[in-house]
1. Check THR321, THR241, THR265 and return the single one that is in contact with a helix residue (DSSP H, G or I) (Cβ under 9 Å, 6 or more places away or on another chain) and β-branched (Val, Ile, Thr).
2. Out of THR295, THR274, THR256, THR265, report the one residue that is at pLDDT 95 or above and farther than 30 Å from GLY224 by Cα.
3. Out of all the residues in region 150-162, which are surrounded by fewer than 17 Cβ atoms within 10 Å (Cβ to Cβ) and not basic (Lys, Arg)?
4. If I go through region 221-242 residue by residue, how many of them are surrounded by fewer than 20 Cβ atoms within 10 Å (Cβ to Cβ), over 21 Å from GLY195 (Cα atoms) and touching a residue at least 12 places away in the same chain (Cβ under 8 Å)?
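The values are calculated or read from the model by the stated rules, or taken from the named source; none is laboratory data. All values reported here derive from a predicted model rather than from experimental measurement. Cβ placement follows ideal geometry from the backbone for every residue including glycine, while neighbour counts extend to all protein chains displayed.
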Amino acid sequence: MAKTGGHGEAEETLRIAAADWRARMTGPDAALSRLEFERWRARDPRHREAYARIERADTLASAMRHSDTARHRSLSRARSFASRPRPVFYGIAAAALVVLSVTSAIIVSSRPFSDPGAMAAKNGNYSTRIGQIRQQRLTDGSTMILDTNSRVDVALSDTARAVRLLSGRARFDVAHDAARPFIVEAAGHAVTAKGTVFDVFIDRGSLRVDLLRGKVDVTQAAAGAAHMIAGQTLRTTTPRTPATIAPLRKGEDQWTSGMLGFDKTPLADLLEQTNRYSKTKIRLAEPNLGSLLVTGAFRPLPINQLAAGIAAAFSLRADHTPNGDIVLRRG
């Protein structure tokens, strides 16, 4: 397991590893992984404790999901919230998908992660499928997590550390090495760090950098360098457009756990993000539905459950098209 720079990051890495093992040991190939799992759990007392916590949380979440009271309460809250005047702050999926299913969502979303004990990645191209999130340790001790439908090219040497993000989003937990800055190239920009944690996201040609820990410099072709500190987000549309830096919005760092966080976000923007995780898309029958404001943390998969939750929250109807997409319309 890759080393991290702080207690919080170490705990997050351990939790992800434990959730990944829980998914594997409750899946169809559990018997094939039993020996490897027992070796991992015996390697460190913290492994055993982390797995026990995930196991208890998963059991509790499963019981809550099948509770008639919980189902009734989430639907009642949905109708109550949907009847309020705009702006609507999304309550149903926050109740049904977060309160009742957050732990199982983490476990399910961790399933595509690579084995935490796997060998460090060699130089080359790495990618994820639609709906997959992949964690990969690098040979310098850094860790990268690739979001859905993402692709990177890794080139590490004794004198330089360079990664090119070709599409999608990635998180980098960079091992400190003052002699070899860690450089991520994306959409005509270069993000330079020595030891920090940050996300880089190419979204419809624009670039977003979210800095979770430490400091980075973002260099643009014609606009010079922008200096970022932890808790900031940088956005820019082209290498020649001056970047804007603002406080990082609440919840935008949750994607590595399989959850997406939104704060007063238009429904159209939410769907743009959640649709990235599925070949089946959720569409809006009326453009003005896209202005409904959403606040909460949601998992994008399964897509049918997300669509049902949104429909219940705003008193909409979910119809299926011949090609399998889901259209939300007023009932």
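1. The conditions single out THR265.
2. THR274
3. Matches in region 150-162: ASP153, ALA155, SER157, ASP158, THR159, ALA160.
4. Looking only at that region, the number is 10.
This table checks each residue for (1) in contact with a strand residue (DSSP E or B) (Cβ under 8 Å, 6 or more places away or on another chain); (2) surrounded by fewer than 16 Cβ atoms within 10 Å (Cβ to Cβ).
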position	(1), (2)
ILE245	yes, no
LYS250	yes, yes
LEU271	yes, no
TYR277	no, no
